[in-house]
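These notes concern the structure reproduced below.
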Protein chains: 2
Amino acid sequence: MRLSRYFMPVAKETPADAQIVSHKLMLRAGLIRQTAAGIYAWLPLGQRVLRNIEQIVREEQDRAGAIELLMPTLQSADLWRQSGRYDAYGPEMLRIKDRHERELLYGPTNEEMITAIFRDSARSYRDLPRTLYHIQWKFRDEIRPRFGVMRGREFLMKDAYSFDMDEAGARHSYFEQLQAYIRTFRRLGVQAVPMKAASGPIGGDLSHEFIVLAPTGESEVFYDAAFEAEDWSSHRFERGDTAGLNAFFKRLTSVYAATDETHDEARWAEVPADRQRQGRGIEVGHIFYFGTKYSASMGMKVQGRDGAEVVPQMGSYGIGVSRLMGAIIEASHDDAGIIWPEAVAPYQVGLINMRADHAGCVAAADDIYAKLGGLAGGRVLYDDRDERGGAKFATMDLIGLPWQVVIGPKGLERGVVELKQRRTGEKQELSVESALARLAG
Amino acid sequence: MRLSRYFMPVAKETPADAQIVSHKLMLRAGLIRQTAAGIYAWLPLGQRVLRNIEQIVREEQDRAGAIELLMPTLQSADLWRQSGRYDAYGPEMLRIKDRHERELLYGPTNEEMITAIFRDSARSYRDLPRTLYHIQWKFRDEIRPRFGVMRGREFLMKDAYSFDMDEAGARHSYFEQLQAYIRTFRRLGVQAVPMKAASGPIGGDLSHEFIVLAPTGESEVFYDAAFEAEDWSSHRFERGDTAGLNAFFKRLTSVYAATDETHDEARWAEVPADRQRQGRGIEVGHIFYFGTKYSASMGMKVQGRDGAEVVPQMGSYGIGVSRLMGAIIEASHDDAGIIWPEAVAPYQVGLINMRADHAGCVAAADDIYAKLGGLAGGRVLYDDRDERGGAKFATMDLIGLPWQVVIGPKGLERGVVELKQRRTGEKQELSVESALARLAG
């Protein structure tokens, strides 16, 4: 994409109303624009990052055997009356009346709707287990929206729901999602630790929050460094292997990790001091096993193998897709701007022509753009504008693409271009061919 | 995907409340489930088709140089007061109050928001022309939602907005979108004719509706068969080539095509009788050039080349992404069910094992599934369930995948499988290797 034809409104000044670094950088780098309190438009660069995060989340859900569907944003109040949550939910639920005075709401989550959908089709044990998920906009009417997309009102969430015939099955489904989350966050380039959580308004007795460490996090977290040392996604066992499952959960819960809500000073004191990690954390995912809370209240039953009716065991599993963009920036930036992990970067390469008024530079940059476009599937942002070189460097550092290729007249005389890695700041002079070869790898 | 682990609730009976064939088939084939009046959940098969349609629309927008962003579903009423449309829009606009009694609405379209976003960043002629688009859920509170997703309330729309310095530029942007629409619908496998349209509530003086012919269409349409004979997407000229642009529009408007709203009996009578095409049509796209209607009312100005302030010329361009699914089915089905064009089919191949209780059939089908998965990128739906062959055939015909591969014990004895093309019904016996080779191509 040529910047001269793009829409990327970056700002030099830090917006006065932004308090945390991710919010500041998202506004400055032209990723988002606030359109109402806690509601944001995703500008072209931000839209691309959002889609990249969404796609990684999707691929890992699919890999875990979850099945994608798509539920609508608006739901009927009657559906929530079936579970009893309509009156219980409180003012964070955005309640709406349509032209016929029918009560609707903007879905803050989808336990009721997925239970109704699956209830109306599933007949017997042959239809279970299933985990169904969707990636859809949600709305929670926060009393004081702030921190940009970290605590917005309209937000994109992946929410999955599992249905099993018994508790052992449900715990296996929970385990599969937990594993998928570990893989998802690793691919996104963030370290997210699953921590024992209070179950809150969803209900249930087994629950983990996935927390990304960042100084601006909303809660204090405590964990044993042994957590980071272990590859939790390497555990594998078949459905029905209760011994394997129990061993996994025993191992998982033996390594200390808790938010301030569930923190236990006595157990914390047992963690060796050199392994104690404490800091602020941002919740980017939350998983729950809650048994028959919704299936029972909404009258879902299926026929078991022995012919008797069974009320399925359920769990739900959320990832804050739009919030993750803020969390990634909180965890990956420097004074000059964002440092995108390659997996989510809006473009992989920023190509800078230092001199738009220099025919040789223009020809060389156009040529490299054409060749990189071929190599990297159009994942190049080309600053072909007639601006000062210094301003172009600052903009590229701000928007944080993993690689920069700089074309200037002096380098061209010697037959070289500069390749800079954004994360390390490391610069190298290379021939055009070598630079292309490096970026193709 | 193995059907034994999928969620695809098909129904034998035709739902009583569905009046048109696409609605009936979408319910029966398990593509959608109504969750409130005019609001639908997209079940796994429907979600896949929706994503395929969306992706084709996106690729053709990108090819036309439009830039993707993503605006939120909820908008502030104040934004619509700037253009004067808040009070004018009528009861189809879903109006909402949040917990602080602030007025919001669920966006039915985005002229105001995109104008505000672009207005706050664009400074001069160097920032124009630009066409910006997004693909997002919209809501229109239809008084009587019906015909399934064809006239639903919550629907997915691609809407693009162009900003130009003058009318000639705006007409070129309009032309680019018109061309993109012709390519989009052709790739989707539907014949959509652009017809002169009344401009309606968006305003403006140049407008075309794109109409798919189908007996259940909402309006009567009239066009000259010469329309179908011409490749309208082959016209190409540069920005600034006013002569080329005018010649194109002259040619376009010289071939008669109109809806009942703009129908002109005198001009119709001039079309040779053997070229007169008349029938019912479904609107799947609508494009508008409306000049400065929104830029002027919302105070958007940029600096021209000569330093003087210019109010940009705008157009807007919509495609009903979710409605298209219904329109495609209306245009492509038979008594047995849906016939998906390959470009949008949820899976390319339906693999049927006739005998789940026959070890040889299971082994052969599993083997073909593994090989097809490798060839076709997981685009195979494998009916591995323990059901009668007849029921499996009926289901596959109903859901309309382009190809069926049938494995039975008698064929296996002779070393062959059956390959059936859904559209033609043509069946062939082939060796496994030949069938794989055919489907790989």
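Observations on the model:
- Separation in nanometres of the label points that stand 7 Å from Cα toward Cβ, at B:Ala336 and A:Ala394: 6.7 nm
- Peptide B:41-50 shows a mean partner chain C-beta count of 5 within 10 Å per residue C-beta.
- Percent of Cα-Cα distances greater than 25 Å, calculated over segment A:287-417: 51 percent
- Surface/4 of the Cα convex hull for segment A:3-338, nm²: 19.8 nm²
- In this structure, the pairs whose alpha-carbon distance is over 23 Å, taken from A:Lys24/A:Lys158; A:Lys24/A:Lys392; A:Lys24/B:Lys293; A:Lys138/A:Lys250, are A:Lys24/A:Lys158; A:Lys24/B:Lys293; A:Lys138/A:Lys250.
- Angle between chain B longest axis and helix B:389-399 axis [Cα atoms, degrees, rounded to 10]: 10 degrees
- As a calculated quantity, the FRET efficiency between B:Glu413 and A:Ala308 at R0 = 45 Å, using C-beta atoms, amounts to about 0.60.
- DSSP beta bridges fully contained in segment B:349-440 are about 50 percent antiparallel.
- Peptide-level mean, for A:160-166, of C-beta atoms on other protein chains within 10 Å: 0
- Segment A:349-440: relative contact order as a whole-number percent, Cα under 8 Å and 6+ apart: 32 percent
- Across all C-alpha atoms in segment A:1-91, the radius of gyration and Dmax reach 18.7, 55 Å.
- Hydrodynamic radius of segment A:349-440 per Kirkwood, over alpha carbon pairs, in Å: 12.9 Å
- Alpha-carbon centroids, segment A:239-281 and segment A:11-58: separation in whole Å: 34 Å
- Charge dipole (debye, nearest 20) of chain A; +1 at Cβ of Lys and Arg, -1 at Cβ of Asp and Glu: 920 debye
- 7 Å along Cα→Cβ, label-point gaps from A:Asp335 to other copies, nm, shortest first: 7.9
- Using a 7 Å Cα-to-Cβ projection, A:Ala226 label spacings across copies, nm, ascending: 8.3
- Phi-derived couplings, Karplus 6.51 cos²θ - 1.76 cosθ + 1.60 at θ = phi - 60°, listed residue by residue for segment A:212-223: 9, 6, 7, x, 8, x, 8, 9, 7, 10, 9, 8 Hz, with x used for Gly and Pro.
- Net charge over other residues, Cβ less than 12 angstrom from the Cβ of B:Gly389 (K, R count +1; D, E count -1): 0
- Normalised by the number of residues in chain A, the average gap of Cα pairs under 8 Å and 6 or more apart makes the relative contact order 17 percent.
- Inter-site label distance for B:Ala343 and B:Asp264 at 7 Å from Cα along Cβ, in nm: 3.1 nm
- With Cα atoms, 0 to 90° folded angle of helix B:321-331 axis to chain B main axis: 60 degrees
- Sorted from nearest, the other copies put their A:Ser434 label points 5.6 nm away, the label point being 7 Å from Cα in the direction of Cβ.
- Relative contact order (%) - criterion: Cα under 8 Å, at least six apart; region: segment A:138-193: 19 percent
- Cleavage-rule hits (GluC sites (Glu not before Pro)) in segment A:1-107: DSSP loop, at most 16 neighbouring Cβ within 10 angstrom: A:Glu13, A:Glu92, A:Glu101
- Neighbour net charge for B:Asn246 - beta-carbon separation under 13 angstrom, K R +1, D E -1: +1
- Rounded if a/c under 1.5, otherwise prolate or oblate - segment A:33-170, Cα gyration tensor axes: oblate
- Prolate/oblate/rounded call for segment B:117-224, Cα gyration tensor, a/c under 1.5 rounded: prolate
- Close amide-amide hydrogen proximity is noted between A:Arg422 and A:Trp403, A:Gln404, each under 5 Å apart and 5 or more residues distant or on a separate chain (H modeled in the peptide plane; Pro and chain starts excluded).
- Per-selection metrics, segment B:180-269 (Cα): Rg and Dmax in Å: 13.8, 42
- Using only Cα coordinates, the Kirkwood hydrodynamic radius of segment A:291-367 works out to 18.4 Å.
- Taking the empirical scaling 2.2 N^0.38 Å for compact globular proteins as reference, segment A:215-318 has a Cα radius of gyration ratio of 1.43.
- Using θ = phi - 60° and Karplus 6.51 cos²θ - 1.76 cosθ + 1.60, couplings along segment A:169-181 (whole Hz; Gly, Pro as x): x, 5, 5, 5, 4, 4, 4, 4, 5, 4, 5, 4, 5
- Degrees, to the nearest 10: A:359-376 long Cα axis against longest axis of chain A: 30 degrees
- Surrounding net charge for A:Thr216, when Lys and Arg each add one and Asp and Glu each subtract one, Cβ distance under 14 Å: +1
- The string of couplings for segment B:73-78 from the Karplus curve (6.51, -1.76, 1.60, θ = phi - 60°) is 6, 8, 10, 8, 4, 4 Hz, one whole number per residue in order, with x for Gly and Pro.
- Put simply, the amide H of A:Phe290, placed in the peptide plane, has neighbours under 5 Å in A:Met314, A:Gly315, A:Ser316, leaving out anything fewer than 5 places away on its chain.
- For peptide B:24-35, the mean count of partner chain Cβ atoms within 10 Å of a residue's Cβ comes to 2.
- Ordering A:Ala37, A:Ser207, A:Gly326 by Cα displacement along the dipole of segment A:3-338 toward the positive end leaves A:Ala37 in first place; charges were set at the Cβ atoms of Lys, Arg (+1) and Asp, Glu (-1).
- Inter-centroid distance (Cα atoms) of segment B:317-364 relative to segment A:133-212, Å: 33 Å
- The shape of the protein assembly as shown comes out rounded: with a ≥ b ≥ c from the C-alpha gyration tensor, a/c is under 1.5.
Quick note: the coordinates plus some simple rules give every number you see, no bench work behind them. Just so it is clear, the model here is predicted, and its values are computed rather than measured. Reconstructed Cβ throughout: ideal geometry from the backbone, glycine too, with neighbour counts over all protein chains shown.
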